[in-house]
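Notes to accompany the following structure.
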Amino acid sequence: MALSKSITRIISGFSIGIAALFAMIAGGIPLTLLCLIIVVLGSKEYTQVLKNKGFLPSYKIIIISSFIFAVIAYFDRMDLLPLAFTLSTFMAFMWVLFRGKQPYIANVATTILGFVYCGWFPLHLLLIRDIGCCEPVFNGFIKHNVSSEGALYCLLMLLAVTLTDSFCYYAGMLFGKHKLAEVISPNKTIEGSIGGTIMCIAFVMTVGYFMQMEWYHSLILGILIAAFAQIGDLCESMIKRDAGVKDSSDIIPGHGGFLDRTDSYILTIPVVYYYLQFFVKNNFLDVLKGLF
């Protein structure tokens, strides 16, 4: 039975990894569709988990808002983002006021958290994929001249997070003695966290060298990925523990839910994008001067 579960876990994990790899390399519509599938399934799990806590966030508002964010990211119309967030927040209030089963402010708050946490944060992957592309060219809805540089950054982040998770687990299993966050996730240890961080930094610095990235950028990026991959994992664990559930769902054989498998990426993706955008690709001081 244990062997069968392990095989199922490996097969399902490998299949998802191949799909993600193809989408990140292809970019454009394939990557957008993959992101939206994850957003739809993750948002569904998010609303189901919070129901155990007595909250009723609006799944429809979360999905509508996330689709709007996806369109904005795909067409690189970041100037419309403040308007989209304003309208999405208004929709959250209106839905709870006039359509919600419970007109509680907590349902407004958890709806807004839902389209930020399950929608906008992971959709930053579309922005990372477009890094290095001067100006996307569209033929109808088809995006052309998507850069290969953005694909490399996506793959770097994907593999770095995977290595962080794996080595946190193995280092914790071999050397773990001191709890990292016992109340939230009692199985995680400081030793495991250190092991995962070291491996992540080593990997990012190695790949960064071949990508001709400055060593200090590779070092900082490795630290950020390792830190926020673990923080993201703990945040999702906090949501589940507060709601009294073990897994967000059982949709992925051997792995649990989509949120369980993507929690390490949710906070990491926007952090990686903003570091690449403001520090690696542009001088942050020049960006600040342009704002003032």
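Residues of the stretch 185-238 that are surrounded by fewer than 21 Cβ atoms within 10 Å (Cβ to Cβ), closer than 27 Å to residue 49 by Cα and within 21 Å of the chain's Cα centre (by Cα): 185, 227, 231, 234, 235, 237, 238. Cβ separations smaller than 7 Å between residues 6+ apart or across chains give the following pairs from the stretch 222-238 residues that are without any contact (Cβ under 8 Å) to a residue 60 or more places away in the chain to residues that are part of a helix (DSSP H, G or I) and surrounded by fewer than 18 Cβ atoms within 10 Å (Cβ to Cβ): 224/275.
Look at (1) assigned to a helix (DSSP H, G or I); (2) closer than 27 Å to residue 152 by Cα and you find that residue 94 fails only one, number (2). Where residues in the stretch 24-55 are within 30 Å of residue 132 (Cβ to Cβ) and β-branched (Val, Ile, Thr), which of them is surrounded by the most Cβ atoms within 10 Å (Cβ to Cβ)? Per the stated criteria, the residue is 39.
Of 64, 25, all but one fail to be farther than 26 Å from residue 155 by Cα and either in contact (Cβ under 8 Å) with a residue 24 or more places away in the chain or among the acidic types (Asp, Glu) (or both); the exception is 64.
Scan the stretch 222-254 for residues that are at pLDDT 90 or above, farther than 18 Å from residue 114 by Cβ and small (Gly, Ala, Ser) and the total you get is 4. The set of residues in the stretch 174-183 that are among the aliphatic types (A, V, I, L, M) and either at pLDDT 85 or above or in a strand (DSSP E or B) (or both) comprises 180, 181.
Does residue 85 satisfy the criteria of being in a helix (DSSP H, G or I), of a type in the set (A, V, I, L, M, F, W, C) and more than 21 Å from residue 277 (Cβ to Cβ)? It is false that residue 85 is in a helix (DSSP H, G or I), of a type in the set (A, V, I, L, M, F, W, C) and more than 21 Å from residue 277 (Cβ to Cβ). When residues in the stretch 56-88 are screened for being buried (at least 19 other Cβ atoms within 10 Å of the Cβ) and among the aromatic types (Phe, Trp, Tyr), 2 of them pass. Taken over the stretch 89-102, residues that are farther than 29 Å from residue 274 by Cα and either in contact with a Leu (Cβ under 8 Å, 6 or more places away or on another chain) or surrounded by 18 or more Cβ atoms within 10 Å (Cβ to Cβ) (or both) amount to 5.
Being among the charged types (D, E, K, R), in a loop (DSSP other than H, G, I, E, B) and either under 23 Å from residue 257 (Cα atoms) or in contact with a Phe, Trp or Tyr (Cβ under 6 Å, 6 or more places away or on another chain) (or both) is a description that applies to residue 53.
For (1) under 21 Å from residue 115 (Cα atoms); (2) at pLDDT below 85; (3) not in a helix (DSSP H, G or I), each residue gets a yes or a no:
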| position | (1), (2), (3) |
| --- | --- |
| 6 | no, yes, no |
| 9 | no, yes, no |
| 15 | no, yes, no |
| 20 | no, yes, no |
| 30 | no, no, no |
| 34 | yes, no, no |
| 41 | yes, no, no |
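The values are calculated or read from the model by the stated rules, or taken from the named source; none is laboratory data. This is a predicted model, so every value here is computed, not measured. Glycine gets a Cβ as well: all are built from the backbone with ideal geometry, and neighbour counts include every protein chain shown.
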